[in-house]
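Chemist: Before I ask anything, here is the structure I am working with.
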Amino acid sequence: MKTVRWILFLLMVLLGAAGAAAYGWLVHPVQARNSQLSDLRADYKADYVLMVAEVYKTDADIEQALGYLLRLNDKDPLVPVRNAIKAATKLEYSLPELDALADLERAVFAAVASGGGN
Amino acid sequence: MNDENRGSWYLVTGLLLGVALGLLLAWVILPVRYAGGGPEWLTKADRDVYRGLIARAYLAEGDTPRSLARLALLKEKSPDEELSAEAQRVLIKQGDQALARALTLLAAAVNQPMLHITPLPTLPGGSPTQAP
């Protein structure tokens with residue numbers, strides 16, 4: 001009898017936890033500020049990469065640029081730059097902005113090829 | 001008191017315990033992570049990085065309206081105070097004077113949107129690592 005009561009008790013715990021978790025995730029999720037830069041929408045990422053490109057144009061600090069880009073993709077810093085160029089083309093960025101992104105892509109490619117992207 | 005006399009209260013206790021654990025899991029331990037959203041949902045650490053990059057880009061471009069528009073994406077109540085506080089943190093923890101200066105200038109631009117700064121000069125001939 002005691003074993004049955006324990007099993008029923010644990011079943012109720014599981015039932016309550018499942019129901020409450022579903023409520024907390026699906027019905028009433030907490031509005032937490034817990035996203036990361038890699039979670040940003042594509043257009044925000046493109047603007048982020050554009051800022052990196054604009055800064056890079058003035059200081060040529062590839063290590064700093066890579067540091068910023070690795071926050072968008074910790075495996076390959078070229079991926080966010082190429083994605084940003086695609087998004088920027090679609091969003092009709094100006095020619096100087098597209099040039100800045102292209103310059104950044106070349107610099108990141110050179111740095112990655114020479115082993116600076118690790 | 002024997003098992004029969006205790007009734008079914010243990011089931012209610014189990015259910016309440018489960019509800020508490022479920023809410024703890026969903027709201028504290030593993031809250032929903034919003035992907036594909038805007039900068040306002042970033043963690044504090046990533047907001048600092050984002051804010052710092054806006055400030056660096058502000059120095060590079062000298063485009064006050066654009067930098068303020070970027071800053072507005074963070075939807076902060078007192079962006080100038082956040083910028084000033086980050087400038088102090090950067091100076092104390094990293095000693096990065098260039099970034100601290102950029103953050104301070106952007107904080108000034110928040111209070112004086114008509115502020116005009118001279119953008120940093122673009123390096124001639126591209127970067128040292130640029131492909132030929």
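Every number in this text was worked out from the coordinates using simple rules, so none of it is lab data. Note that the coordinates shown come from a computational prediction; the quantities given were computed from them, not determined experimentally. Every residue, glycine as well, gets a Cβ built from its backbone with ideal geometry; the counts of neighbours run over all protein chains shown.
Chemist: Once amide H atoms are placed 1.01 Å from N in the peptide plane, what residues at a sequence separation of 5 or more from A:LEU40, or on another chain, have their amide H within under 5 Å of its amide H?
Modeler: The answer is B:GLY36.
Chemist: Quote the FRET efficiency, to the nearest 0.05, computed for B:ASP96 versus B:ILE29 with a Förster distance R0 of 30 Å and r equal to the Cβ-Cβ distance. Display every interim value, and only then the final one.
Modeler: On the way: r = 34 Å, r/R0 = 1.15.
Taking R0 as 30 Å, the efficiency between B:ASP96 and B:ILE29 is 0.30.
Chemist: Counting other C-beta atoms within 10 Å, and keeping those with at most 13, which DSSP coil GluC sites (Glu not before Pro) do you find in the stretch B:1-88? All intermediate terms of the calculation are to be shown ahead of the outcome.
Modeler: On the way: sites: B:GLU4, B:GLU40, B:GLU61, B:GLU76, B:GLU81, B:GLU82, B:GLU86; in loops: B:GLU4, B:GLU76.
Counting only loop positions with at most 13 other Cβ atoms within 10 Å, the GluC sites (Glu not before Pro) in the stretch B:1-88 are B:GLU4.
Chemist: When the helix-only estimate is applied to chain A (DSSP H runs of n ≥ 4, each -39,500 (n - 2.57), divided by the residue count), what is the mean residue ellipticity at 222 nm, nearest 500 deg cm²/dmol?
Modeler: Details: 5 runs with 80 residues, N = 118.
Only helices count here, giving -22500 deg cm²/dmol.
Chemist: Lysines near A:LYS90 by alpha-carbon distance under 21 Å, same-chain residues fewer than 8 away left out - which ones?
Modeler: A:LYS45
Chemist: Return the lysines within reach of B:LYS77: Cα separation strictly under 21 angstrom, same-chain partners fewer than 8 residues apart disregarded; answer none if there are no such residues.
Modeler: B:LYS44
Chemist: What number, rounded to the nearest 500 deg cm²/dmol, is the helix-based mean residue ellipticity at 222 nm of chain B, given -39500 (n - 2.57) per DSSP H run of at least four residues and division by all its residues? Mind showing how you got there, number by number?
Modeler: Working: 5 runs with 69 residues, N = 132.
The helix-only estimate for chain B comes to -17000 deg cm²/dmol at 222 nm.
Chemist: Under 19 Å Cα to Cα from B:LYS75, which aspartates and glutamates show up? Leave out anything in the same chain fewer than 8 places away.
Modeler: List returned: A:ASP39, A:ASP43, A:ASP47, B:GLU40, B:ASP46, B:ASP48, B:GLU86.
Chemist: Projected area of the protein assembly as shown, taken from the Cα convex hull and averaged over every viewing direction, in nm²?
Modeler: Working: hull surface 77.5 nm².
Mean projected area for the protein assembly as shown: 19.4 nm², to one decimal.
Chemist: Further, regarding this structure: What is the Cα centroid distance between the stretch B:101-121 and the stretch A:30-56, reported in whole angstrom?
Modeler: Comparing the Cα centres of the stretch B:101-121 and the stretch A:30-56, I get a distance of 22 Å.
Chemist: Figure the gain on full extension for A:ASP59 and A:ALA22 (residue separation times 0.36 nm, minus the Cα-Cα span) and round it to one decimal in nm. Mind showing how you got there, number by number?
Modeler: Working: separation 37, 0.36 × 37 = 13.32 nm, distance 4.94 nm.
Extending this stretch completely gives an extra 8.4 nm.
Chemist: Loop-only check: which GluC sites (Glu not before Pro) in the stretch A:40-118 are DSSP coil with at most 15 other Cβ within 10 angstrom?
Modeler: Numbers: sites: A:GLU54, A:GLU63, A:GLU92, A:GLU97, A:GLU105; in loops: A:GLU92.
The qualifying sites are A:GLU92.
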